[in-house]
Structure formats: C-alpha cells, structure tokens
Amino acid sequence: MSEKKKIFVISDHPMAPSGVGTQTRYVIDTLLRTGKYKFFCFGGAVKHEKYDQHKIVDPAWDEDDWVVQPVDGYGSAETVRKVLVEYKPDILWFMTDPRFYPWLWQIENEIRSNIPMVYYHVWDNYPPPMYNRKWYLSTDVVVSISKVTHDIVSKVAPEVENHYIPHAVDENVFRKLGKEQVEEFRNDNFPTSGERTFFFWNNRNARRKQSGTLIHWFNKFAEKVGPENVCLIMHTDPKDPNGQDLEKILDDFNLMDGRILFSNKKMPPEVLAFMYNMADCTINISDAEGFGLSTLESLSCGTPILVNMTGGLKEQVTDGENWFGIGLEPTSKSLIGSQAVPYIYEDRLNEEQFVNALVKIYEMSDKEREKMGDLGSEHIKKNYNFNNFQLHWIELMDDIVERLGSWETRQGYKSWSLKEVAG
C-alpha cells in the first residue's frame, strides 16, 4: 500500500458543536476511512484549557492518523510555516468565513509553491463580494457550501476552480423516530408540557441569529394563541458573551411560565435527534446564514422548518416546487459592512409576517405538518445525503492529489506571471 497523504486542516476544532466544526469532522472522518489519508489539524475558534497536541483515535483508522493541535483563533503565519517544515503535508484544507484568513492568503506563495490550498467556502449573501476576488485567486480549489456561495464565487472569480458540495447530515442519527419513543422522551424531559405545540431553535446565541428578537416575537404569538398552548425550546447558552442575556429577557418580560424554555447542556447527536422529533417545527430567522445545519438536521428527522429566505436556508425549505416548511422573504435588505467586509446584505424579517407564520404552523393539523416534514426528509435524502457527501469529497481529494501533486510532484501553480507592458 502506498504511503498515506497528509492533510493539514485549519478550521473550528473538529470536535466543536458548531456547524463548521461538525462538517470539518465529517470530511476528516470520511477521508480517514479510505485508509489513504492522515490529518494534522489546528483546533481553532474555541477556548482551550490546555494546548497539548492530542490524537483522536478510532478503530476505523490507525492511531497516529488524526492529530489535533489547539490554537488561538485559527493559528498564525508562523505556526503554519512550522507545520509545513515539520509535518510536510500534501494538502492544506481550510474552512469558514474568509474574514478569518487574510493572514493565510498573504503567505500563499510560500504554501502553494509546495502544496495546493483547498478552501471549503462559507458566504451568506449578495451582492457578489468583489473584495474577495484576490482571496479566491490565491486558492487552488474553492468548494462552496451552498448554491448561493457557488454562484457568488462563479461571478467574482470565474477562472477559479469551484465545486458545489453542500453540507450533509448523518441520516443514521438524524432520522424519524417512533412516536412511542418520542413521547417517552417528551414525558421524561418535559413532563409538565401537556399538549403544547413545540417550536425548536438550535443555534448559538449570537447577534446575527436574532435570539432576542425571536423571544420577543414568539411572546407576541403566544399571547395571541394562549401561552399555555405553545412552547419554544431554545437550545443555546443564554449567557453567551457574544449574544444577549436571554435569561434576563425572560425575567424582565415575565415569560417564566413555560412558554419559553432553555436547553443549555451539551447533547450528543442522538439526543438532539429526539429534540427535533419532539418538535412540531424548527425555527431559524438569522439575518445571514451560510447554510444552517440545525434546519437540515430537523428536516432529516421529518420536522418542518420556518426560516428566513437567506443564504443556504433558501435551498433547504423548498426545491422550487414543494415546500418543506415556511420560507419568509426578507422585508428589508440593508447593505451593511465594515473595513474588512465593505458590503453585504443583511436580511431582516418583520414581526407581523413572523407571527403570522407561527400561527399558520400552529393551526396546521398534525397530519399536515407530518406530510410537510416527510417531504422535507425525502428532500434531504435526495439532495444532502451523507453517502453523496462522502463520495464527492473522496473523489475531489483523490483528484487533487493526482492532478496537483505536492512538493516534488507539485503541478498547476506558478509564483510568477507574464504581462505585456504597453510601450
């Protein structure tokens, strides 16, 4: 057997519960199981108590095949240089928003002269970000997480190799469960819930996720239909320093009667699947969303979704003919930005359309919601199934190894270009 190819990964820590961390873990696990690859990862975007290297061990691969080095942020130019010298990887694979990687692209001549750079790209919205063009041109292969992202890259840098491989969920975990199992879970964990209609929200408590707005608007809905009839479960950290103090909102607005509950303990995927199955609808009203993993997991479990029509959420809630929940068109598209991101649309809903959508879900019969959820589950199996996700990543990485090479066999990259200068 030929020597395993070494992939250097920069991303959220692959064991982190974030969407980026989860998808990174899926990609690594997929490639490890082929027996052709091994990994050295920067475990970023989380607070570390220790910075010791550690191995992630599984009987499916060799003990030394997956090493994680905790880092602050996503690392630095110096730490990358050190890995290039000491580990001598064959590919650099990195993921998340490009705002975090200008420092990495600034040393692309040092990296790409030896190994290809493969970027799993997250981008939420239009207008096409021409300010990203220099970053796309500094990458060998861009892989886009959504149709929106793929279209944006194609418009901004059409000459760059650009593949569409959307997120996926493991349907062996996130699947429709038996009604008796789900009812037992509900009785064990929410014994005083009665016959309430359950809405589920599984996101980080951060500004763009609109967590405070969700509480405020859900309360308006609860008052309209009777707070004893509905319940919103928010699986999040209500004290996240990047978000609002959600417990204070409930306390000051007198919402402590069970209409809104927090679930802030870390849960294994198998337990989250029960939460999705228990819910009548899963909500995501983010003003920007690269893909939205929680709604994908929800649909995989057969539970319809209520979403803002932004980013990757648009392709989840409808296939262009059928709807797998309710998709709300933004009532405002503010052009916001910063020095690093000069412009991007921020998609906002309004209270009336959201409350009306909640009422619509609430007034559906169980059979109507089940039918919508079942169609959504089929949509996920057809377009975002785990087998296709794994196959596409294996085929792509095998092709990159063969076609672009590394170190002595490196192809497809020139550190110089010829330009005609007018006389």
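Counting only residues that are touching a strand residue (DSSP E or B) at 6+ places or on another chain (Cβ under 9 Å) and over 17 Å from K360 (Cβ atoms), which one in the stretch 269-289 is surrounded by the most Cβ atoms within 10 Å (Cβ to Cβ)? Ranking the qualifying residues of the stretch 269-289, first place goes to E289. Filtering the stretch 235-249 to residues that are surrounded by 13 or more Cβ atoms within 10 Å (Cβ to Cβ) and either assigned to a loop (DSSP other than H, G, I, E, B) or in contact with a helix residue (DSSP H, G or I) (Cβ under 7 Å, 6 or more places away or on another chain) (or both) leaves H235, T236, D237, P238, K239, D240, G243, Q244, D245, L246, I249. When I336 is tested against (1) touching a residue at least 12 places away in the same chain (Cβ under 8 Å); (2) under 17 Å from T213 (Cβ atoms), only condition (1) is not met.
Every residue, every condition in (1) surrounded by fewer than 22 Cβ atoms within 10 Å (Cβ to Cβ); (2) touching a Leu at 6+ places or on another chain (Cβ under 9 Å), yes or no:
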position	(1), (2)
E159	yes, yes
V173	yes, yes
K179	yes, no
A206	yes, no
F218	no, yes
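Among the numbered conditions (1) assigned to a helix (DSSP H, G or I); (2) modelled with pLDDT of 95 or more, the only one that Q23 does not meet is (2). Going by what's in this entry, would S154 be described as part of a loop (DSSP other than H, G, I, E, B), hydroxyl-bearing (S, T, Y) and outside the structural domain of L335 (by TED's automatic domain parsing)? No, not satisfied. For residues in the stretch 20-42 being farther than 24 Å from S146 by Cα and charged (D, E, K, R), which is surrounded by the fewest Cβ atoms within 10 Å (Cβ to Cβ)? Among those residues, the one meeting the criterion is R33. Residues of the stretch 184-224 that are of a type in the set (A, V, I, L, M) and in contact (Cβ under 8 Å) with a residue 40 or more places away in the chain: L214, I215. I want to confirm something. Restricting to the stretch 181-203 and keeping residues that are in a loop (DSSP other than H, G, I, E, B) and of a type in the set (S, T, Y), which single residue is surrounded by the fewest Cβ atoms within 10 Å (Cβ to Cβ)? The selected residue is T192.
The values are calculated or read from the model by the stated rules, or taken from the named source; none is laboratory data. Everything quoted here is computed from the prediction, not taken from an experiment. FYI the Cβ positions are ideal-geometry reconstructions off the backbone, even for glycines, and counts take in every protein chain you see.
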